[in-house]
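Just below is one structure, and these are the notes that go with it.
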């Protein structure tokens, strides 16, 4: 009885973590793409007239519907990864890892709320959205997403990569990929559109790696637990 619980957790946690990460990565990538298409930046965003297009409004509405589920799967991903690491985790890095993940979810929800405000207030029925309202909501949504949420994602990526490297559960190439992803999110994401997609891409690669490794070595948890 005492060995059944840890053994079952060691076997099921990687699959749960990988599955949650895959779903989070796909949902977040879809939401980012839809927001980028629905609320453009640059030349396409100089005037608010473009937002009268129903296709753009529908894209933003679809993104807003996906964001809460992406946040739920991300929190699940954090929980099962910490459960899998267990007492071996570094307390300092684990605190940074958990804190940055929670702040990322909060700021991601804030960016979604700002985009929803643009959708609701910038295009009232039968009226053309005012340029000041449009610009404020658009800049506010992108500032939350690229300036804050993605910086927290960078801290999350870096801390998880360091934890995985120290415990020997991540290969060197995946650790280096995590560091490069973190640097990109820290210093490039605010200036180059679409770069925020590197975070769901990294999450997808990590999750697929967890799934592949756990399927190839299904009895690794039994060896570790005995």
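The values are calculated or read from the model by the stated rules, or taken from the named source; none is laboratory data. Since we're looking at a predicted model, the values are computed, not measured. Counting neighbours? That spans all protein chains shown, and the Cβs are built from the backbone with ideal geometry, glycine included.
Check whether at least one residue in region 59-67 is assigned to a helix (DSSP H, G or I), at pLDDT below 90 and in contact with a helix residue (DSSP H, G or I) (Cβ under 6 Å, 6 or more places away or on another chain), and report yes or no. Yes. Is it the case that region 156-176 has a residue that's under 22 Å from residue 34 (Cβ atoms) and either buried (at least 19 other Cβ atoms within 10 Å of the Cβ) or modelled with pLDDT of 95 or more (or both)? So far as region 156-176 goes, no, none of its residues is under 22 Å from residue 34 (Cβ atoms) and either buried (at least 19 other Cβ atoms within 10 Å of the Cβ) or modelled with pLDDT of 95 or more (or both). Starting from region 81-98, take each residue that is over 17 Å from residue 157 (Cβ atoms) and list its partners that are outside any helix (DSSP H, G or I) and at pLDDT 75 or above, counting only C-beta distances under 6 angstrom and pairs at least six apart or across chains. Filtered contacts from region 81-98: no entries. Within region 128-145, being modelled with pLDDT under 90, within 17 Å of residue 35 (Cβ to Cβ), touching a helix residue (DSSP H, G or I) at 6+ places or on another chain (Cβ under 7 Å) and assigned to a helix (DSSP H, G or I) holds for 134, 137, 138, 140, 141.
Residue-by-condition table, conditions (1) without any contact (Cβ under 8 Å) to a residue 60 or more places away in the chain; (2) within 17 Å of residue 74 (Cα to Cα):
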residue	(1), (2)
141	no, no
147	yes, no
170	yes, no
197	no, yes
